[in-house]
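J.: Quick one: the structure is below, questions incoming.
The values are calculated or read from the model by the stated rules, or taken from the named source; none is laboratory data. Just so it is clear, the model here is predicted, and its values are computed rather than measured. Glycine also receives a Cβ, built like all others from the backbone with ideal geometry; neighbour counts cover every protein chain displayed. Heavy atoms of the whole protein, side chains included, go into the accessibility calculation; ligands, DNA and RNA do not. Shrake-Rupley method; radii C 1.70, N 1.55, O 1.52, S 1.80 Å.
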Amino acid sequence: QMPHQGRPAPFTKPWRSLGEPQAPFSLPAPRWPVECEVIQETIEHIEWVPPKPEPFCPPMGPEQALYTLGEEQGTVVYHSSPALQGSCFTRARVGGALGPLSSPAAPLEGPQDTTLLFESRFESGNLQKAIKVGPYEYVLMLRPDLYTAKHTQWFYFRVQNTRQEPLYRFTIANMAKPKSLYGQGLRPLLYSQQDAQSRGIGWRRVGTDVRYYRGGAGEPPTFRLSWTVRFPHDGDTCFFAACYPYTYSDLRRYLCALAADPARSQHCTVQPLCRSLAGNTVYLLTITSPGGTAGKRAVVASARVHPGESGGSWAMRGFLDFLLSAHEDAQLLRRLFIFKVVPMLNPDGVVVGNSRCSLAGRDPNRAYGKALPGSFPAVWHLRAMVQRVLAEREVVLYCDFHGHSRKNNVFVYGCDASGDDAGLRLRQRVFPLMLSKNAPNKFSFSSCKYRVQKSKEGTGRVSMWRLGVSHSYTLEVAFSGSTLGGRSSHFSVEDLESLGRLLCDTLLDFCDPEPTKVGLDPAQGAPVPLDHGDTGPVPQLQQCLAEVDALLQRQMGREPGSGGSWSDVSPSELES
């Protein structure tokens, strides 16, 4: 059994205290459920930004479903399915299953055998089966989230024994969601080890003839993602992924580098928030300027409650990089606020390659209202930590970083209540409006939603709002990219990281009494001539409040400035 299973890890010895030198430390390897086989190789990828944005591919209509041979007509060339003991998690160990590894891939018959060799028994990998249905055509099955029979969306696997000349077709036959950005131009990611080593090229978008369609008449329905691709080299080792992978080991390498950096680590304390069900540490970062904390308000941020939404981790890394930098705005933010950051809420799900669930076999982002520390330790301890912070200071913002599989661009979900007065309703929309001004080619203000549906009561955003965090948001980052500002292209890692910096920029605008930017008239897109009598320009917060008010008045068919109260407008009307 693991120490501290479902209980807080000891708080007595943080890695460092603010302003003190950091002692060197080492981290043990991740813990896996004992049913999971794990290969010994270390999987790491170089970081690379394509020289120009990668465009969406022309979408194929859903009516153009593809006929693909099924398993019964093909040959199983890879089958890796954990021998789950019962239907629930029992225990974990470093390295997963004991004993020699099995051989899930069919052996090659000789140098002329062109069969691809598949593998995914590594961190965040989740391929369950590969069936060869043609010389260069494969039907793939993803492993459902552990201890469940569903939630197939994320994918990440390796192929070897590639050939450069032929056109390959891959079809993932058990995708779970009826709608997907793959039907709107999203393309899978490919990583070539030869290109990384010889040309410094990392993950890139590939795939022609990308289709997403219903797979058959069975219940529950499954959907198919299919694409064609040519590999860049003969005999290469390549990887495919749904989004840029960011593993638990990637996070821990980042935290080690942070602890070893005297400049950045002086602003940051890293401690365990708790341990996961498998015994992996859930890390809590406290970032502020050294010295007293009196009078400082708090900001809370979290990411990767859903393990398949890896774009949230890249945005979180950009957020941390900026906050810990020497930039004058970062210094001001550290002087103004205490930041409490949990960069990976569901490390177990990330380790085993789940799309949505923890090892409890359920979605932790529906468990905040009734979470027990033994079942959902990270969710329980995050909520308890926010309650402790609220007892001593205001929490001005909570932001939970997610990924979205069905809508392009970046947007937020906020919180409105029917009993809220007009000022509160408008104010909920000001932070997203400011973010849209700071990120006009990424953030879509019109895609934001604020209604609190009953099914979302157990989410982090609604739970923190109910505790008293007035501005509580889920930041949704599309798996695909942006259609704004003349773009129609995928997000790069650089795009995703820039969102973290832009969030910091917006927080400063939102809380800084000094006006720094000029607003736009919501109807004309022209600068608003603002006059505050003898007091100078209106601060940006007031300006955006006025702008949101005018925008909503117009949408409701009222004349801006005509008076009229928002108190008689229902939340559903305001939402629409």
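J.: Kindly establish whether LEU167 is among the aliphatic types (A, V, I, L, M) and farther than 23 Å from THR42 by Cα.
T.: Working: among the aliphatic types (A, V, I, L, M): yes; farther than 23 Å from THR42 by Cα: yes.
Considered against the rule, which asks whether it is among the aliphatic types (A, V, I, L, M) and farther than 23 Å from THR42 by Cα, LEU167 comes out as yes.
J.: Go through the range 436-460 and report how many residues are part of a loop (DSSP other than H, G, I, E, B), surrounded by 20 or more Cβ atoms within 10 Å (Cβ to Cβ) and at pLDDT 90 or above.
T.: Here the count works out to 5.
J.: Taking PRO178 as the residue in question, decide whether it is within 30 Å of the chain's Cα centre (by Cα) and open to solvent by 10 Å² or more (accessible area, probe 1.4 Å).
T.: yes
J.: Report, by residue number, each residue of the range 134-175 that is touching a residue at least 40 places away in the same chain (Cβ under 8 Å), closer than 18 Å to ASP209 by Cα and not in a loop (DSSP other than H, G, I, E, B).
T.: Of everything in the range 134-175, those that are touching a residue at least 40 places away in the same chain (Cβ under 8 Å), closer than 18 Å to ASP209 by Cα and not in a loop (DSSP other than H, G, I, E, B) turn out to be GLY134, GLU137, TYR138, VAL139, TYR168, ARG169, PHE170, THR171, ILE172, ALA173, MET175.
J.: Give the range 386-402 a look and list any residue that's of a type outside the set (A, V, I, L, M, F, W, C), more than 11 Å from HIS471 (Cα to Cα) and crowded, with 19+ Cβ neighbours inside 10 Å, or say none.
T.: ASP400, HIS402
J.: Shifting gears a bit: With respect to PHE231, is the statement that it is among the aromatic types (Phe, Trp, Tyr), in a loop (DSSP other than H, G, I, E, B) and in contact (Cβ under 8 Å) with a residue 40 or more places away in the chain true?
T.: Values: among the aromatic types (Phe, Trp, Tyr): yes; in a loop (DSSP other than H, G, I, E, B): yes; in contact (Cβ under 8 Å) with a residue 40 or more places away in the chain: yes.
Here the answer is yes, as PHE231 does meet what is asked.
J.: What are the residue pairs meeting all of these: first residue in the range 317-332, first residue without any contact (Cβ under 8 Å) to a residue 24 or more places away in the chain, second residue open to solvent by 10 Å² or more (accessible area, probe 1.4 Å), Cβ atoms under 9 Å, and 6 or more apart or on different chains?
T.: Here the result reads HIS327/ARG501, each pair linking the range 317-332 to a residue that is open to solvent by 10 Å² or more (accessible area, probe 1.4 Å).
J.: Further, regarding this structure: What number of residues in the range 373-387 are touching a residue at least 40 places away in the same chain (Cβ under 8 Å) and not in a helix (DSSP H, G or I)?
T.: The number of residues fulfilling the criteria is 3.
J.: Evaluate the range 260-273: report whether one residue or more is in a loop (DSSP other than H, G, I, E, B), under 28 Å from HIS404 (Cα atoms) and open to solvent by less than 10 Å² (accessible area, probe 1.4 Å). Let's see the steps before the verdict.
T.: Initial filter on the range 260-273 (in a loop (DSSP other than H, G, I, E, B)): 260-261, 266-267.
This time we only want the ones that are under 28 Å from HIS404 (Cα atoms), so: none.
The answer is no, given that none of the residues of the range 260-273 is in a loop (DSSP other than H, G, I, E, B), under 28 Å from HIS404 (Cα atoms) and open to solvent by less than 10 Å² (accessible area, probe 1.4 Å).
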